[in-house]
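Below is one structure, written out as structure tokens; the observations come after it.
The values are calculated or read from the model by the stated rules, or taken from the named source; none is laboratory data. Please read all numbers here as calculations on a predicted model, not as lab measurements. So basically every Cβ, Gly included, is an ideal-geometry build from the backbone, and we count neighbours across all protein chains shown.
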Amino acid sequence: MNFIDGKSYFAFRFTPEFSLSKVGVGLDLNLEVGTDGKIRKENFNETSDYLSIIRYVRYGNKKEPVFVKVGAIDGYTLGHGSIMYLYNNSPSFDARKIGLVVDIEFDKWGFESIYSDFSQGGIFGARGYTKPLRFTPLASVPVIGNLEVGATFASDFNKYAGVRSGITNASGEFEAVVDDKSVSVIGFDMGLPLFTTSFANSMLYLDFVKFANAGSGTSAGVIFNLGAGGMLSASVKLERRLNGSEFIPSYFNALYELERFKFISAANTVVSKYNALKASTTSDNGYFGGLGVNVLNLLTVNGSYQRLDKDAKSGLLHISADLVPKDLPFIARAGYDKVNIQSESDMFKLDDRSVLYAETGYKPYSWMLVTMVYQWTYTPQRDGSDNIIGFVPQKKVEPRVYFIYPF
């Protein structure tokens, strides 16, 4: 039984995940039937809903030499994250999307790439990089021999990406009045590993980013990674951001699909990420920090936070935690993202700038897991032609029973 915004639904959800060596497949068939006997409309009202029964197919994992994934894309980052950071192509359960990621890394060069949505047009992003000194006699020189340089291009081809204003026409459909079309951005980066040992490594990096029809920004930072033989691993990232006018760092972030476009029909007003970009008419620098910790491969915690010097609404928070003890009968996991944070008291207030996922459960048997899930997610708003013109928060409570069989 699911309870969504105060309404009751009898739910059947089939979500097996299969993994064999480097290949993984996840399915997600979701049927929710109301008390009137009808299937909830948002389950199957567009082509992507049928395609998304296959939630993902993947080969490898991020940071491995070959990583390919088709379907739902969670927490994807290009390069150091100055253009795309922890991007999620399906923050709404009722508007799931099919995307593609292809990352390949060789000894001297490699590339990362993403296309977010095959059904309605989405973000294309690609970063190529090389270690140029590996082609010279300097390859064996400590530190500088591992110098890495890269270039990134990203563009959002969604039809609402560059819309700045619009109206509701006589047919009840949204009609754009001012539209700059796609939003495109290029970036150049350089990374210099300071040291690499069996238990720790560190890198300095410098990024420059420029929007095609807007401003530019630069970021410089350091990444430090620590590994203590499987007992403890940690990663720390500290970054200083120098932002010019008409510039937003990490433009394609975890909530971008929600921020991209919203039309308030009562006032004929467009609220969009692109409008926010163009409204940033003054330069504003800031800081960004990230921390990741893994303890005994049982507890994993990741978090990051941004704050600009002048903009009171510039807070950007990401937190995720995963506690899955192998030999104990309980699990707990959660994830939380929020944008446009105004103050610390505003940080954990659930509203239309937040996404939350939390699950806790117990194993009565080694092959069974019973959990309760709470989601603060979003449901789409549609115009007269069933086009998505915005999202509104949706609360979802869901009991689950997993049957687990290891191959």
Could you list, in sequence order, all residues of region 57-73 that are at pLDDT 85 or above and of a type outside the set (A, V, I, L, M, F, W, C)?
Arg58, Tyr59, Gly60, Pro65, Lys69, Gly71
Take the residues in region 353-368 that are touching a Ser or Thr at 6+ places or on another chain (Cβ under 9 Å) and more than 30 Å from Glu173 (Cβ to Cβ), then tell me which one is surrounded by the most Cβ atoms within 10 Å (Cβ to Cβ).
Gly361
What are the residues in region 64-117 that are in a strand (DSSP E or B), among the aromatic types (Phe, Trp, Tyr) and surrounded by 18 or more Cβ atoms within 10 Å (Cβ to Cβ), if any?
Phe67, Tyr76, Tyr87, Tyr115
Does Glu175 satisfy the criteria of being in contact with a helix residue (DSSP H, G or I) (Cβ under 7 Å, 6 or more places away or on another chain) and without any contact (Cβ under 8 Å) to a residue 40 or more places away in the chain?
no
Of the residues in region 277-319, those that are buried (at least 16 other Cβ atoms within 10 Å of the Cβ), in contact (Cβ under 8 Å) with a residue 40 or more places away in the chain and either farther than 24 Å from Arg240 by Cβ or of a type in the set (Asp, Glu) (or both) come to Lys278, Asp284, Asn294
Within region 321-337, residues without any contact (Cβ under 8 Å) to a residue 24 or more places away in the chain and either crowded, with 17+ Cβ neighbours inside 10 Å or assigned to a loop (DSSP other than H, G, I, E, B) (or both) come out as Asp327, Leu328, Gly335, Tyr336
Which of the numbered conditions does Gly26 fail, given that it passes all the others? Conditions: (1) touching a helix residue (DSSP H, G or I) at 6+ places or on another chain (Cβ under 7 Å); (2) part of a strand (DSSP E or B); (3) touching a residue at least 24 places away in the same chain (Cβ under 8 Å).
(1)
Would you call Val183 touching a Gly at 6+ places or on another chain (Cβ under 9 Å), more than 25 Å from Gly289 (Cα to Cα) and of a type in the set (A, V, I, L, M)?
yes
Go through region 393-407 and give me each residue that's outside any strand (DSSP E or B), hydrophobic (A, V, I, L, M, F, W, C) and either in contact with a helix residue (DSSP H, G or I) (Cβ under 8 Å, 6 or more places away or on another chain) or without any contact (Cβ under 8 Å) to a residue 60 or more places away in the chain (or both).
Ile404
Restricting to region 179-233, count the residues that are among the polar types (S, T, N, Q) and out of contact with any strand residue (DSSP E or B) (no Cβ under 6 Å at 6 or more places or on another chain).
4
Before we move on, is Leu100 modelled with pLDDT of 90 or more and under 12 Å from the mean Cα position of the chain (by Cα)?
no
Between a first residue in region 363-392 that is among the small types (Gly, Ala, Ser) and a second residue that is crowded, with 18+ Cβ neighbours inside 10 Å and in a strand (DSSP E or B), which pairs have beta carbons less than 8 Å apart while being 6 or more apart in sequence or on different chains?
Gly390/Phe261; Gly390/Lys262; Gly390/Phe263; Gly390/Pro380
Those residues of region 4-30 which are of a type outside the set (Gly, Ala, Ser), closer than 13 Å to Glu398 by Cα and either modelled with pLDDT of 80 or more or surrounded by fewer than 13 Cβ atoms within 10 Å (Cβ to Cβ) (or both), in sequence order
Asp5, Lys7, Tyr9, Phe10, Phe12, Arg13
Kindly evaluate Val373 against the criterion of being of a type outside the set (Asp, Glu) and either within 24 Å of Glu17 (Cβ to Cβ) or outside any strand (DSSP E or B) (or both).
yes
What residue, among those in region 369-393 that are over 18 Å from Gly172 (Cβ atoms), surrounded by 17 or more Cβ atoms within 10 Å (Cβ to Cβ) and more than 19 Å from the chain's Cα centre (by Cα), is modelled with the highest pLDDT?
Thr371
Here are Ser219, Ser245: which of them is among the polar types (S, T, N, Q) and crowded, with 21+ Cβ neighbours inside 10 Å?
Ser219
By residue number, the members of region 165-195 that are of a type in the set (Lys, Arg) and either over 26 Å from Gly217 (Cβ atoms) or in a strand (DSSP E or B) (or both) are none
Taking the criterion of being out of contact with any Asp or Glu (no Cβ under 8 Å at 6 or more places or on another chain), buried (at least 16 other Cβ atoms within 10 Å of the Cβ) and at pLDDT 85 or above, would at least one residue in region 43-56 satisfy it?
yes
Residues being touching a Leu at 6+ places or on another chain (Cβ under 6 Å) and part of a strand (DSSP E or B) - total across region 118-151
2
